1. Could you check how many residues of segment A:181-240 are within 17 Å of A:Thr56 (Cα to Cα), among the aliphatic types (A, V, I, L, M) and assigned to a loop (DSSP other than H, G, I, E, B)?
2. Hey, can you tell me all the residues within segment B:161-175 that are more than 10 Å from every other protein chain (Cβ to nearest Cβ) and either surrounded by fewer than 17 Cβ atoms within 10 Å (Cβ to Cβ) or not aliphatic (A, V, I, L, M) (or both)?
3. Give me the pairs, please: first residue somewhere in segment A:124-152 and closer than 19 Å to A:Ala163 by Cα and within 14 Å of chain B (Cβ to nearest Cβ), second residue anywhere and surrounded by 22 or more Cβ atoms within 10 Å (Cβ to Cβ) and among the charged types (D, E, K, R), beta-carbon distance under 7 Å, and either six or more positions apart or on two chains.
4. Kindly provide the set of residues from segment B:20-58 that are at pLDDT 75 or above, part of a loop (DSSP other than H, G, I, E, B) and within 29 Å of A:Met23 (Cβ to Cβ), ordered by number.
5. Of the residues that make up segment A:192-200, is at least one surrounded by fewer than 17 Cβ atoms within 10 Å (Cβ to Cβ) and over 20 Å from the mean Cα position of the chain (by Cα)?
6. Considering segment B:134-186 alone, what residues qualify as being aliphatic (A, V, I, L, M), touching a strand residue (DSSP E or B) at 6+ places or on another chain (Cβ under 9 Å) and farther than 20 Å from B:Cys6 by Cα?
7. If a residue counts only when it is free of Cβ contacts under 8 Å to residues at least 40 places away in the same chain and more than 10 Å from chain A (Cβ to nearest Cβ), which strands (runs of 3 or more DSSP E) contained entirely in segment B:101-141 have at least 2 such residues?
Amino acid sequence: MTGSMDLPAKGGFSFDLCRRNNMLEKNGLKLPGFRKTGTTIVGLVFQDGVVLGADTRATEGPIVADKNCEKIHFMAPNIYCCGAGTAADTEAVTDMVSSQLQLHRYATGHESRVVTALTLLKSHLFRYQGHVSAALVLGGVDCTGPHLHTVYPHGSTDTLPFATMGSGSLAAMSVFESKYKEGLTREEGIQLVSDAICAGIFNDLGSGSNVDVCVITKGKTEYLRNHQLPNPRTYASSKGYSFTKGQTEVLSTKITPLKQKVEVTGGGDAMEE
Amino acid sequence: MVGKNCFAIASDRRLGVQLQTIATDFQRVFKIHDKLYIGLSGLATDAQTLWVFRILDSFWYQRLVFRHKLYQLREERDMKPETFASLVSALLYEKRFGPYFCQPVIAGLGDNDEPFICTMDCIGAKELAKDFVVSGTASESLYGACESMYKPNMEPEELFETISQALQASVDRDCLSGWGGYVLIV
């Protein structure tokens with residue numbers, strides 16, 4: 001537990017608690033469940049670029065942990081990535097590759113290419129042999145045109161004109177297979193993506209709440225957060241609960257006023273050499 | 001729970017091993033700085049836990065205080081809650097394949113006293129919310145209680161009543177929590 005706390009760790013995963021946890025599991029402790037995203041994520045290529053879509057429900061076992069989470073992650077100004085699987089893994093992997101892409105942009109001076117992000121993601125996921133459980137739909141527009149890829153947790157990738165991932169992927173794929181055609185316009189693309197996500201939301205228990213859409217074209221990206229809200233909360237009573245003061249029995253109270261931070265401004269004397 | 005320019009963070013006071021209560025005044029909400037608090041719930045599942053490790057992981061907050069003090073020395077200011085949440089998330093994710101058994105709840109006041117709350121699972125998946133976040137053994141009933149009792153833009157006194165009632169209602173339905181609560185309002 002104490003270990004060496006002198007320096008912050010250098011980075012990467014640290015496995016020092018594994019032996020302790022194995023011992024605990026042998027003694028009957030069950031590992032706490034991770035938050036999964038139990039998701040519907042989709043992407044399609046239209047005539048000017050790529051449209052990505054995702055639902056917004058994050059589940060923890062059977063309980064909805066977050067009704068409005070963000071599953072479309074920023075990778076580069078022209079590349080976005082939707083993530084399904086274990087929430088911590090998708091967030092960590094996309095953040096990490098996003099920073100690597102930024103460093104690469106500084107080094108090369110060019111806009112990031114989608115295949116760069118793809119290679120970084122697949123090599124990281126393959127290195128961990130699927131234990132980093134992140135299934136991603138990666139889309140973007142770069143100098144070579146619009147691209148859409150899917151990345152599986154074990155590191156395999158596909159390049160497709162339309163793709164779905166997550167627990168609601170079958171529901172969404174059925175919509176795509178029936179309605180997709182080449183050369184869709186922007187409005188048709190957004191409509192088709194929203195329909196596919198809604199199919200996932202209403203037919204899959206692990207997906208729900210709202211629809212997020214991201215449209216990437218050459219030179220412009222639009223992130224339509226909560227593009228559709230097909231599950232508004234209509235059952236809340238307008239009066240709500242109101243508790244009068246003193247309803248809760250208080251054993252003791254301690255009030256600590258916070259110290260105000262005083263900024264000293266005004267010209268100080270310039271430092272004399 | 002978030003109120004109008006304020007937040008409240010509450011925890012129950014029981015510390016137990018399986019069904020045996022060890023302490024009835026266990027402090028789970030820790031101060032990082034004046035406007036930033038973190039609550040650590042050691043997640044007990046239906047199986048039995050070894051209480052030594054559960055307590056040790058709850059004291060993991062000392063590691064966080066250490067990191068915050070380093071930050072304060074370098075930056076000469078307090079950490080913003082969003083930054084702190086990213087720090088906790090990174091520290092938890094580092095142990096992705098051998099995690100700590102704790103689920104933190106972070107609450108703080110950011111720029112312009114904007115309240116910020118978030119919770120994470122034990123490997124650091126951040127969940128930001130605008131209204132309330134919950135964690136612990138009674139989390140399922142806490143979701144229900146907060147969902148019905150929460151109202152936006154509550155003043156501190158009303159916020160106190162609401163969060164206490166929600167906490168008490170939920171822990172009453174959970175054998176592993178109880179013995180009252182600590183509530184901190186900032």
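1. Of the residues in that region, 2 qualify.
2. Residues satisfying the conditions are B:Ser170, B:Asp172, B:Arg173, B:Asp174, B:Cys175.
3. Filtered contacts from segment A:124-152: A:Ser133/A:Asp89; A:Ala134/A:Asp89.
4. B:Phe26, B:Gln27, B:Arg28 - these are the residues of segment B:20-58 that are at pLDDT 75 or above, part of a loop (DSSP other than H, G, I, E, B) and within 29 Å of A:Met23 (Cβ to Cβ).
5. Within segment A:192-200, the first condition is being surrounded by fewer than 17 Cβ atoms within 10 Å (Cβ to Cβ), and the residues that meet it are none.
No, that holds for no residue.
6. First pass over segment B:134-186, keeping only residues aliphatic (A, V, I, L, M): B:134, B:138, B:142, B:145, B:149, B:154, B:159, B:163, B:166-167, B:169, B:171, B:176, B:183-186.
From the residues that got through so far, the ones that are touching a strand residue (DSSP E or B) at 6+ places or on another chain (Cβ under 9 Å) too are B:134, B:138, B:154, B:159, B:163, B:166-167, B:171, B:176, B:183-186.
Of everything in segment B:134-186, those that are aliphatic (A, V, I, L, M), touching a strand residue (DSSP E or B) at 6+ places or on another chain (Cβ under 9 Å) and farther than 20 Å from B:Cys6 by Cα turn out to be B:Ala138, B:Val171, B:Leu176.
7. Numbers: elements: B:102-109, B:115-120, B:126-129.
Once the strands (runs of 3 or more DSSP E) in segment B:101-141 are filtered for at least 2 residues that are free of Cβ contacts under 8 Å to residues at least 40 places away in the same chain and more than 10 Å from chain A (Cβ to nearest Cβ), nothing remains.
Condition check ((1) more than 14 Å from B:Thr162 (Cβ to Cβ); (2) surrounded by 10 or more Cβ atoms within 10 Å (Cβ to Cβ); (3) at pLDDT 75 or above) across all residues:
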position	(1), (2), (3)
A:Leu229	yes, yes, yes
A:Arg233	yes, no, no
A:Ser238	yes, no, no
A:Ser242	no, yes, yes
A:Glu249	yes, no, yes
A:Thr256	yes, no, yes
A:Lys261	yes, no, no
A:Val264	yes, no, no
A:Gly267	yes, no, no
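The values are calculated or read from the model by the stated rules, or taken from the named source; none is laboratory data. As the structure is a computational prediction, the values presented were derived from the model and not from experiment. Cβ sites come from the backbone with ideal geometry, for glycine too, and all protein chains shown count toward neighbours.
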